[in-house]
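In what follows, a structure is listed as C-alpha cells, so that the remarks can point back to it.
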Amino acid sequence: MLIRFELNKKQTELEVAASETLLDALRKAGFWSVKHGCETGECGACSVLMDGKLIPTCIMLAAQADGHEILTTEGLAEGQDIHPIQKAFIESGAIQCGYCTPAMILATKALLDKEKYPSLEQAREALGPTLCRCTGYVRPLEGVLRAAAYLRGEEVPPLNVKPIPVEAVFGPISPASGPTEESGFEPSGGVATTTRITTAPTLTAQDTTVVVGAPETKVDAVKLAKGRAAFTDDMTRPGMLYAAMLTSPYAHARIRNIDTSKARALPGVRAVLTYKDVPRVIYASGGQSYPNPKPWDQVSLDNKVRFVGDRVAVVAADTLEIAKEALKLIEVDYEVLPAVFDPEESIKDGAPVIHDEPDAVGIYDAQHNISATILAQTGDVDKALAEAEIRFERTYRTQQVQQSSIEPHICITYWDEDDRLVIRTSTQVPYHVRRMIAPLIGLPVSRIRVVKPRIGGGFGGKQEMLIEDLAAHLTIATGRPVRLEYTREQEFTSARSRHPFKITFRAGLTKDGKLQALEMVAIEDTGAYGVHGVTVCSVAGLRGLSTYKCENVRFDAKIVYTNKPVPGAFRGYGGPQALFALESFMDEIAHELKMDPIEFRMNNVVRLGDSIPIATALGEGGPVPQVIRSWGLAECIERAGNAINWERVKDPQWRFDPERPNIRRGLGMAVLMHGTAIPGLDMGSAVIKMNDDGSFNLLVGATDIGTGSDTILGQIAAETLGVPLSKVIVYSSDTDVTPFDVGAYASSTTFISGGAVKKCAEDVRNQIFERAALMLGTTTEGMILRNERVTTPDGRSVTLEEIAHHSLHTKDQQQIMATASHMSLQAPPPFGAQFAEIEVDIETGQVTVKKLTIAVDCGTPINPLTAVGQLEGAVAQALGYAVSEEMAYDQSGSIQTRRFGDYHIFSADEMPEIQAFLVPTYEPSGPYGAKAVGEIGIDGVAPAVANAVYHATGIRLRDIPILPEKVWRALHQSR
Amino acid sequence: MSAIKEYYRPEDWKSAAEILGRPGVKTAPILVSTKPSPVEKWDMETAVDLSRLGLDYIKEDEQGIHIGALTTVQTLVDTPIFSTKFNGIFHLAAKHAATGGLRNVATMAGVLNDLSGSGEIALTLLASDAVVYIRKDQSIRTQPIAGFLAEGKQNLTAGEVLAEIRIPFSDGVFALERVARTPADQEIVAVVVFLLLSGSQITKARVAISGASPQPMRFLAVEQALEKQEFSSSLVEKAAEIATREAKPIGDFRGSAEYRAAMAGTLTRRALLKAWNLKAG
C-alpha cells in the first residue's frame, strides 16, 4: 500500500506492507538515524517526532503515519550544517556510542519547541523515553540545557576544564628513557601525591599538555549526532538475505532429529542449517587471545541444547518475515533431559551431566559439571587464620545481569569481489573474531576480513563471537550477503550476561584491625558453556584479594555449569561481584570492631610502592608481579566523601525524617581498585603516516565501542606530533587495513593501544625532526615540535606541511610513517571511592538511591570529558546491578525478563544525582601518565548501597539486587 | 511474523462497524497499551486504525470528565485537570504507566485492552467509578468500569468499539500508594483509595489494588469494612488486614505472592491515612 506523509518537511510517498512497522519503513527508505533497539517501544532508540511528539516507531504500523508529519534526525540540519541541539550534544560530551543519540536529540527538540527555559526536571522527563546504557544521562542532560541556551541565542561558554599538567618532555632525544627521579606532582585542584616520573634529560619541558588532558569533542561525534549511516546495520547489499535463528524451548534436551524439509520448501527460503549441515568444530566463543582459554565446549550447531535460548537452527531467506515463518516449519524431535539451575546442585553426584559430549576439550570434571577450578595462594592462609586474634566469615551472592547494549548483536557477511569473506559486525574484538571463526567455517584467516563500524554499546557483551559464525555459514551456503540480528528478546535469552557468584570471605585480623589472612572461596555459575568462565573468575579473585594489604591470601574457586543462558564478559569482568562481597565484608568487619569504616579500610589498603601478593599467584593471563606506582585513593575518598557530605554519617538523628516516619536515611561507601589491561597478554599496535598537508592518518586495531577510544588515541598522537586533534584522522578496527589489537576489553585501550600510539607517534616525530634537519641544514638536537611546526634552538622553523611536501615530493623522497606495538607487564590499578546516599522505606523495603558520588584516580585523564563520561555511565549501570536488574527464571529455566520493561534499566527521569570526579595522578607506565577508567566505575555502587542500607536500618543485605522484598524480609527477621 | 494482511482507517462509525464486524476475518482495532506486544505478535489479520473517529479528546461537563478512548496516556499527564482534580492520582498513575514515548502512543483503549503495564491507571478508574461507553455505529451502551475490566475482551461484540471513559466528579478524596523496584518501574503493588466523608464518617469507600490479584480490582471486602464507619486508626488497621487477607496475588520476579499480599495491606493503610490527611488538610 502507498502512504503519503510529510517526512522531514518534504512530501513523501512510500510503498509499505500492511504489517510493516514505521521503523522498518523508514530504515528501508534510508533514514538510518532511526535505530532498532527493541520491538516493544521501551528503549526509544527508534523514536521520531510525529506531529511534534516523540513516538517509538517499532510499535507503529507504517500505514499509521499516512497524513502525518514525521521528523527524523536527518531532517534537523542538512549536509554539513549542525543544528544547535546537535552542537550542544557534541560539545557537552553527551554522545558515547551514539546509538540512542538521534532519539535523544529529537526528544530535546520536542521539549525545546514547547519550553525555551527548561528546568533540569523537564530535561529529565524529556530524555526519559530514551534508554541509554552508556552515559548515565548526566552529559545528555547538560546537552539539553546547553541546547536550550543556544536556541535562546545566548552566548554559551566552552566547557571549563583545566589543562592537565604533565611533567613530560616533548624533545627528540630518548623521550621514553632517562634518569628516574622523585617528583612531587600537584594535580589540579588536589593534594600533592608523590609519583615516580620518568623524564628526559634535555630540552624545554612543556608544563601543560595541549591536546592530552583537553575535553576534545569525540572524533565521531558529528556523524553520530547527525544520525549518519555509521553502524553495522546502516547499509544494505544487493541480494542480501535475512537470517533468523531457531532456539531451544527446553533447558536441556537432545535433538533426536530435525526435519527442515517444510522450511526449505517455503518460497523465499535460501538455506536452512542445523547440526547436520555444518562441520562439528569445537571452540570457545569468548573473544580472547590465542589460544582461547579452555574449556572448548561449543560447536556452531549441536544435536544437544543446554539452555532455553540455545541455538538449534538458522535460516536465510529473502525477507526476515519469510525467515521467521520458516522457523515455525522446522520440526524438531527433542528428547527432554533433566536440567539443573543451581550451581551447588549441579556439582552433586547424580546431577544431570550438561556436557556429556566426548569431544569437548579441557572440562575439569564434566561428570560433576565443573568447568574449571582455580586455587591460588600466597603465604600460609591456614596458619594465619588459626593464629589470628579475630576471625570473620561471611557469604555473599550476586545475580545474573545483562549488558543491555541498545544496539543488539548484528552482523552482515558477504563475499567480496575477490572471494574473500567480509564480516561487518558489531564486535569488540574484530581480530579475535577473524582468528576464531576461520576453523569453524573452513576458511584461512587470509580470506576473512572483519570490519567493525560504530558499535551501539558493548560492555563486554560483544567480546564474543556470538553470531558471526552462523551468518558466515549462511553466506557460504548461499553465496549471498546475509544479515543476522538478535531481537531484544534474544538478547536476553541467547546473548551473554554477567556471571552470578557465591563468595565466602574469611579473614583473620589482629585486635587492632590489621588483616593477617584473607581467603575468598567462590562458586561461579557459568551457565551452559564455559566461555569466559575461568578468566572472569580469576579476575574476581584478583579484585577480591588485591585491595587490602595481606601476605596470606587464598582464592579457591569452582566454575560450574548450569542449564542457564551463558554469562560472558561484562564490564568489570568479575570485579563487581568480588567488590560487592569484599567491600560489604570490610564494612561488616569495621562495624564489628567498632572502627570507622574508612579508617579501617585505610589502615589496611595497599599504597604507593606496595606489591600485590596475589598477582604472583593469579592472573587472567598468568601471574605477573605488580607494584603500585601511582595511588590517589586518599584524595578520591576525600573528594567523593565531601561531595556526599559524609560527615552526616556521624549524626544519628540524620537517619530519621520527622515528616516521614517510615523513612530511614543512610550513607555507605566502598573503596575501588581495578586493573588496567592483562599484563603480559594484551597487545595493541598503531600505524601513523603523514599526509601532504601535515595531517596524519592514525590506523589502530583498537576498538572504539563508544568509550571514545578513537578520540583518546587521536589525542595521544596529536599531542606527540604537535598538532590539533583535527589533524589526526583516526581509522580503527578493520582487519585488512589496521594493525592488530586484542580489542576493547580489560580496561586496556588507553593504556595498551595508547602506549602503541605514543611509541608510533614518537617514531614519526623523530622522522619529522630528521627531515626538518635536512631541510634546515642542521641536526635534530634541541628541536621542538609544537603548533604544527618544528623549531630549532636558534629559532628557525619549518611547518609540518613544508616537511610533508619536502619528504613526499622534493628530495630523498620518503613516506614519513611508522608502526609500533605495545604490551606491558604492568597492570597499574586505578583507585577510587564510591559513596551512596539512600533512603529505605522500612514498611515496604523499597530502597531509593538519592545520590551517588565517585572519585577515581585514573592517572592522567587523556580526555577528562570522556573519562568522566565513563564513570557516570558505569555508575548508572552499577546502580541497576545494585537495586533492580536481574535475569529471572521460571522453574523450567525459561527467562521471565525478556523485554526492557520487565528487566528495567534506569531511565533519565528516575536517576539519582551522580557526581563523578577525576583525581589525576601520574602513572609512569602509561602513555602520558594514563591508566584505566572504563570499568572501575561499575564496581562500587552495590556495596556502597548495601552499606548504606546497613547504616540506615541496621540490616545487612548480602545478596543483590537489593529488591524491596529482600529488605522487607530482612527487616521483619530483625524484629 | 505479523498476521496483518490489511489496514483500514475508517472515516466514520458506520464504516468502522462494518469493517470490524466482518465475519470470518480476524479484525481488530489498533490499540497500543503501555506494555505493548511486538507488532509481529499482533494477531489480527485486518488492522483497523480508529484515529479518524475523533476519539482523542478530553471534555469536562457536569457529569464529569469525558476521555475519548484514543486519548493518549501522555495527554492524561499533560492535561492540567488531572493534576488539579482527583488529588492528582490520574496524573501520577499515567506517569507511572510507561516512558514518555510509549505514553505518546498508548491510548486509554489500549490500556483497558491490556492491563499488564497500566495497573495504576486501572486503579484510578476503578476507584473513581468510571463508566465506559461502547459504541457500534450509532448505538451506544455504557458499562461500569469494574464490570468492563472483569469481563475483559468479552465485553465487546463484533463491530463494537470502546469509545469513551467518563470519570464522574466527586467530593471525595483520593490517594495513591505504590512500591516498585525503581521510581519509574512498573509497580509491584499499588493501591488507590477513594473516601467520601461526612465529618469523620466514611459514607463511601473505594479501595482498588493492583499486583495483589491476577489483575487490578476493587477489594470489596475492604470497602464494606470501611463504609458507614468512623475513620479511626483501628479501622485503618482492620482495612489493611482485610486487604492482605483478601489478596490473591501471583508472585513473580518483582515480588513474591507473600510480599504482595503484605504490601496490599501496608499500602492500603498508607493510602487511607494519606486520603484522610488530604481531607483534613
*asked:* Keeping every protein chain present and rolling a 1.4 Å probe, give me the accessible area per residue for chain A in Å².
replied: 32 Å²
_If I require 24 Å or longer along the helix axis, counting alpha carbons, and a Kyte-Doolittle average no lower than 1.6, what helices from chain A are left? Use full DSSP H segments._
none
*List the relative contact order of chain B as a percent without decimals, with contacts defined as Cα pairs under 8 Å and 6+ residues apart.*
15 percent
*Which lysines have a Cα less than 27 Å from the Cα of residue A:514, not counting those fewer than 8 places away in the same chain?*
A:383, A:502, A:549, A:594, A:650
_For Cα pairs less than 8 Å apart in space and 6+ apart in sequence, what is the mean separation divided by the residue count of chain A, i.e. the relative contact order in percent?_
14 percent
*Mind listing which GluC sites (Glu not before Pro) in the range B:13-64 are in a DSSP loop and have 12 or fewer other Cβ atoms within 10 Å?*
B:62
*Using protein chains only (no ligands, no nucleic acids) and a 1.4 Å probe, work out which residues of the range A:1-28 have their accessible area cut by at least 10 Å² relative to the chain alone.*
A:1, A:18, A:19, A:21
*Of all the accessible heavy-atom surface of the protein assembly as shown, with the other protein chains kept in place and a 1.4 Å probe, what percent is carbon and sulfur?*
50 percent
*Would you rank A:446, A:709 by solvent-accessible area, highest first, keeping every protein chain in place and using a 1.4 Å probe?*
A:446, A:709
*Size of the dipole of the range B:179-266 about the Cα centre, Lys and Arg at +1 and Asp and Glu at -1 on the beta carbon, nothing else charged, in debye to 20?*
140 debye
_Once each part is reduced to its C-alpha centroid, what is the distance from the range A:707-724 to the range A:93-120 in angstrom?_
28 Å
*Cα lying deepest toward the dipole's positive end in chain A, options A:451, A:684, A:585, charges on Cβ*: A:451
*Mind checking the per residue accessible area of the range B:145-276 for me, 1.4 Å probe, whole number of Å²?*
37 Å²
_Dipole magnitude of the range B:6-52 about its Cα centre (Cβ charges: Lys, Arg +1; Asp, Glu -1), debye to nearest 20_ = 140 debye
_Cut-off under 5 Å, modelled amide H: who pairs with residue A:271 long-range_ = A:316
*Per residue of A:119-129, what is the mean number of Cβ atoms on other protein chains within 10 angstrom of that residue's Cβ?*
2
*asked:* List the residue ranges in chain B for DSSP H helices whose C-alpha atoms run 24 angstrom or more along the long axis and whose Kyte-Doolittle average is 1.6 or above.
replied: none
_Exposure ranking of B:166, B:245, A:488 by accessible area [1.4 Å probe, largest first]_ = B:245, B:166, A:488
*Would you list B:263, A:775, A:817 from the most to the least accessible area, probe 1.4 Å?*
A:817, A:775, B:263
*Filter the trypsin sites (Lys or Arg not before Pro) in the range A:586-640 to those in DSSP coil with at most 14 other Cβ atoms within 10 Å of their Cβ, and list the result.*
A:594, A:607
*Rounded to the nearest 100 Å², what's the accessible area chains A and B bury against each other, both chains counted, probe 1.4 Å?*
4000 Å²
*asked:* Using helices alone, I'd like the mean residue ellipticity at 222 nm for chain A: each DSSP H run of four-plus residues gives -39500 (n - 2.57), total over residue count, nearest 500.
replied: -8000 deg cm²/dmol
*Among B:24, B:51, B:37, whose Cα sits farthest toward the positive end of the charge dipole of the range B:6-52 (+1 at Cβ of Lys/Arg, -1 at Cβ of Asp/Glu, about the Cα centre)?*
B:37
*Distance from the Cα centre of the range A:733-756 to that of the range A:509-547, in angstrom?*
28 Å
*Count the net charge of all other residues whose Cβ sits under 12 Å from the Cβ of residue A:790, scoring Lys and Arg as +1 and Asp and Glu as -1.*
+1
_Residue by residue through A:52-61, how many Cβ atoms from other chains fall within 10 Å of the Cβ on average?_
6
_Under the rule of at least 5 residues apart or a separate chain, name every residue whose amide H is placed under 5 Å from the amide H of residue B:188._
B:179, B:180, B:181
*For residue B:229, which sequence-distant residues (separation of 5 or more, or a different chain) have an amide H within less than 5 Å of its own amide H, given hydrogens modelled in the peptide plane?*
B:202
*Between the chain alone and the structure with every protein chain in place, find the residues of the range B:173-201 that drop at least 40 Å² of accessible area; heavy atoms, 1.4 Å probe.*
B:181, B:182, B:183, B:184
*Filter the GluC sites (Glu not before Pro) in the range A:358-449 to those in DSSP coil with at most 15 other Cβ atoms within 10 Å of their Cβ, and list the result.*
A:389, A:417
_For the protein assembly as shown, size of Cβ-based charge dipole, Lys and Arg +1, Asp and Glu -1, in debye_ = 1100 debye
*So what's the net charge close to residue A:306: Lys and Arg +1, Asp and Glu -1, counting the other residues with Cβ under 14 Å from its Cβ?*
-3
*asked:* I'd like the distance between the alpha-carbon centres of the range A:923-937 and the range A:35-85, rounded to an integer number of Å.
replied: 39 Å
*Heavy-atom accessible area, 1.4 Å probe, ligands and nucleic acids excluded: residues of the range B:83-115 down by at least 40 Å² from chain alone*: B:99, B:101, B:102, B:104, B:105
_Charge context of residue A:269, other residues only, Cβ under 9 angstrom, K/R +1, D/E -1_ = 0
*Please say if the range B:160-281 is rounded, prolate or oblate, where rounded means a/c under 1.5 for a ≥ b ≥ c the square roots of the C-alpha gyration tensor eigenvalues, and otherwise the choice is prolate for a/b larger than b/c and oblate otherwise?*
oblate
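The values are calculated or read from the model by the stated rules, or taken from the named source; none is laboratory data. Note that the structure is a prediction, hence the values are computed from the model and not measured. Using ideal geometry, Cβ is built from the backbone for each residue, glycine included, and neighbour counts are taken over all protein chains shown. For accessibility, only protein heavy atoms count, side chains too; no ligands or nucleic acids. Shrake-Rupley method; radii C 1.70, N 1.55, O 1.52, S 1.80 Å.
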